[in-house]
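Novice: Structure provided below as structure tokens; questions to follow.
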Amino acid sequence: MIWPKNMKNSRKMPPPAKNKFFKSEMDSPGYSMKKVAVTTLGCKTNQFESAAIAESVRNKGFMIVPFTDFADIYIINTCTVTAKSDAESRRLIRRARRQNSCARIVVTGCYAQLAYEEIRHFPGVSHVLGNNEKKGIAGLLEIIEDEQVVMVSGFTRDQQVDGVMLETFAEHTRAFLQVQNGCDAFCSYCIVPYVRGPSRSVTLDDAVEGVRTFAEKGFKEVVLTGIHLGMYGHDLNPATSLLDLLCAIEKRSSITRLRIGSLEPGEISDGLIDYLSTSGMCCPHLHIPLQSGDDQVLSRMNRHYTTRFYHDVIERLLKAVPDICLGTDVIVGFPGESDREFENTLSYLESLPLAYFHVFPFSPREQTPAAKMPGKVHGSVIKERVKTLRKVSDDKKEAYFKKFLGRELKVLVQEKGPGGSFKGLSRNYIPVLMTGNDCSINSEVRVKVREISKDGVFCDMQG
């Protein structure tokens, strides 16, 4: 039995009672290839890490099967951003147990990092592994344990972040490359710095090599991901930046399309904007979290910008890259959010030239300052406010799509659609359904927009 390292309350405790499930048919001599099911909750970083887990497990001789299938081992890569994601993690543990009561259940990710003591008492859980330990899952699965394994360690600033390399990825045409992990922002509502640790970066050379490898394997688009991507390189010695990385990738790789994940407004420099306006590689699409359109709420959230600053960033981007797709995140029902503060957010979002936004009801996380703030907003009020903002987002998306009626787009063909059509994604993040000449999956083609819907655009292939 292995217990947490580098944790304030680390101590050795007996295993949970009535949990002797570790021996099963899969442990018998001569047993055929073991089946492993992997499922993921949460962000693109988690998705990337789950893909790496699945590949490492497959390389050890295990068979990967869907999570809905009977399996010998279930791996659940959890999220803890909201109470809803915690509940979903627990539901998946119970589901795996029902599917095979003799299976080993491995719980990892952010919820495991935060609540390992709670999770270890769930029937059927054989391993509880923190975010540092998840990369070693494949090796642990080869070891038959008589007792439960709990491994959850803390984080250090100088901890190396490996540039994980994947042979395959689920989408086949787009790949995600994690180049940064952790966060130093400590927004008052956010649990992420506690479960991911401080900002740490993959070296520039390793990140470039990751993109080069994907390109050589035939991927047309790579998405750079991180927990706090805009802080990429600040922790390296010598220090570097996201802009330096983008320039190095464009110079040293043959990737056709590079997409940047989420960036904070204060991390979008004039230099980055100039680069986006001239790059033939970097896709014109940015996700820039706002969280609130009221300055008082932003202050309580510990967000280090004002609505005026955010508006200026959006205007500068649109002036330099007129067709850029700009999205955002908004939290509704933050403690103390008054009717007036919500109306400020509503009118502010209506005025911004955004293409879409994701709306989240506030979810208190116990270890964060916001969980102790007064002024809890009633659930029914939050629900109505979420509904209102999502309607505005739908209108924004439709207006953005309309800009491209009769115009050409460059689209990455991703899969076949209904009736001989093809599905794809434009450089500026518009879902496309194409008809016309036959084309190859994983090719970039020119199309002309003839119709729009609430979910994307309909196009005819050109040439």
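Novice: Looking only at region 382-393, count every residue that is open to solvent by 40 Å² or more (accessible area, probe 1.4 Å) and closer than 20 Å to S188 by Cβ and tell me the total.
Specialist: Counting residues in region 382-393 that are open to solvent by 40 Å² or more (accessible area, probe 1.4 Å) and closer than 20 Å to S188 by Cβ gives 0.
Novice: Right, something else. Within region 159-170, is even one residue among the small types (G, A, S), open to solvent by 10 Å² or more (accessible area, probe 1.4 Å) and modelled with pLDDT under 95?
Specialist: Checked against the condition, which is being among the small types (G, A, S), open to solvent by 10 Å² or more (accessible area, probe 1.4 Å) and modelled with pLDDT under 95, region 159-170 yields at least one hit.
Novice: Limited to region 44-74, what total is found for residues that are more than 13 Å from Y111 (Cα to Cα), in contact (Cβ under 8 Å) with a residue 24 or more places away in the chain and open to solvent by less than 60 Å² (accessible area, probe 1.4 Å)?
Specialist: Total meeting the criteria: 19.
Novice: Further question on the same structure: Could you list all residues from region 65-75 that are closer than 17 Å to K34 by Cβ and β-branched (V, I, T)?
Specialist: Hits for region 65-75 are V65, I73, I75.
Conditions (1) outside any helix (DSSP H, G or I); (2) within 19 Å of F334 (Cβ to Cβ), marked per residue:
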position	(1), (2)
V381	no, yes
V386	no, yes
K397	no, no
L412	yes, no
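Novice: If you don't mind, there's one more thing I want to ask. From P284, P289, grab the single residue that is in contact (Cβ under 8 Å) with a residue 40 or more places away in the chain and open to solvent by less than 10 Å² (accessible area, probe 1.4 Å).
Specialist: Selected residue: P289, the only one of P284, P289 that is in contact (Cβ under 8 Å) with a residue 40 or more places away in the chain and open to solvent by less than 10 Å² (accessible area, probe 1.4 Å).
Novice: Failed condition for I227, given (1) surrounded by 20 or more Cβ atoms within 10 Å (Cβ to Cβ); (2) out of contact with any strand residue (DSSP E or B) (no Cβ under 7 Å at 6 or more places or on another chain), with all others met?
Specialist: So the condition that I227 fails would be (2).
Novice: If we scan region 172-184, do we find a residue that is at pLDDT 90 or above and outside any loop (DSSP other than H, G, I, E, B)?
Specialist: There is at least one residue in region 172-184 that is at pLDDT 90 or above and outside any loop (DSSP other than H, G, I, E, B).
Novice: Further question: Kindly provide the set of residues from region 232-249 that are assigned to a loop (DSSP other than H, G, I, E, B) and buried (at least 18 other Cβ atoms within 10 Å of the Cβ), ordered by number.
Specialist: Scanning region 232-249 gives Y232, G233, D235, T240, S241.
Novice: Out of the residues in region 113-130 meeting the condition of being assigned to a loop (DSSP other than H, G, I, E, B) and open to solvent by 20 Å² or more (accessible area, probe 1.4 Å), tell me which one is farthest from R200 (Cα to Cα).
Specialist: The residue in question is P123.
Novice: Could you grab me the full set of residues in region 433-463 that are outside any strand (DSSP E or B) and over 29 Å from the mean Cα position of the chain (by Cα)?
Specialist: If the condition is that a residue be outside any strand (DSSP E or B) and over 29 Å from the mean Cα position of the chain (by Cα), then G436, N437, D438, C439, Q462, G463 are the ones that fit.
The rows are residues; the columns are (1) under 30 Å from V313 (Cα atoms); (2) in contact (Cβ under 8 Å) with a residue 40 or more places away in the chain; (3) touching a Cys at 6+ places or on another chain (Cβ under 7 Å).
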| residue | (1), (2), (3) |
| --- | --- |
| P353 | yes, no, no |
| V377 | no, yes, no |
| I382 | yes, yes, no |
| R385 | yes, yes, no |
| K402 | yes, yes, no |
| G424 | yes, no, no |
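Novice: Could you count how many residues in region 85-106 are farther than 22 Å from K135 by Cα and either of a type in the set (D, E) or open to solvent by 60 Å² or more (accessible area, probe 1.4 Å) (or both)?
Specialist: Of the residues in region 85-106, 8 are farther than 22 Å from K135 by Cα and either of a type in the set (D, E) or open to solvent by 60 Å² or more (accessible area, probe 1.4 Å) (or both).
Novice: Is at least one residue of region 269-283 part of a loop (DSSP other than H, G, I, E, B) and closer than 20 Å to S201 by Cα?
Specialist: Yes - at least one qualifying residue is present in region 269-283.
Novice: Could you please find all residues in region 140-157 being over 24 Å from I191 (Cα atoms), outside any loop (DSSP other than H, G, I, E, B) and open to solvent by less than 30 Å² (accessible area, probe 1.4 Å)?
Specialist: Of everything in region 140-157, those that are over 24 Å from I191 (Cα atoms), outside any loop (DSSP other than H, G, I, E, B) and open to solvent by less than 30 Å² (accessible area, probe 1.4 Å) turn out to be L141, V149.
Novice: Now a separate question. Would you mind telling me which numbered condition in (1) under 22 Å from G218 (Cα atoms); (2) in contact with a Phe, Trp or Tyr (Cβ under 7 Å, 6 or more places away or on another chain); (3) hydrophobic (A, V, I, L, M, F, W, C) L433 fails?
Specialist: Going through the list (1) under 22 Å from G218 (Cα atoms); (2) in contact with a Phe, Trp or Tyr (Cβ under 7 Å, 6 or more places away or on another chain); (3) hydrophobic (A, V, I, L, M, F, W, C), L433 breaks only (1).
Novice: If I go through region 250-281 residue by residue, how many of them are surrounded by fewer than 17 Cβ atoms within 10 Å (Cβ to Cβ), over 24 Å from the mean Cα position of the chain (by Cα) and over 21 Å from N442 (Cβ atoms)?
Specialist: The number of residues fulfilling the criteria is 8.
Novice: Quick test for you: out of S262, S299, S199, pick the one residue that is over 15 Å from Q180 (Cβ atoms) and small (G, A, S).
Specialist: Going through S262, S299, S199 in turn, just one is over 15 Å from Q180 (Cβ atoms) and small (G, A, S): S299.
Novice: With the structure loaded, tell me whether K416 is farther than 19 Å from E221 by Cβ, more than 22 Å from the chain's Cα centre (by Cα) and surrounded by fewer than 20 Cβ atoms within 10 Å (Cβ to Cβ) or whether it fails that test.
Specialist: no
Novice: While we're looking at this one, here's another question. Of all residues in region 212-231, which are part of a helix (DSSP H, G or I) and of a type in the set (G, A, S)?
Specialist: Result: A215, G230.
Novice: Any idea which residue in region 194-211 is nearest to K376 (Cα to Cα), counting only those that are open to solvent by 10 Å² or more (accessible area, probe 1.4 Å) and assigned to a helix (DSSP H, G or I)?
Specialist: Out of the qualifying residues, it is Y194.
The values are calculated or read from the model by the stated rules, or taken from the named source; none is laboratory data. Since we're looking at a predicted model, the values are computed, not measured. FYI the Cβ positions are ideal-geometry reconstructions off the backbone, even for glycines, and counts take in every protein chain you see. In case anyone asks, the SASA skips ligands and DNA or RNA and just uses the protein heavy atoms, side chains included. Shrake-Rupley method; radii C 1.70, N 1.55, O 1.52, S 1.80 Å.
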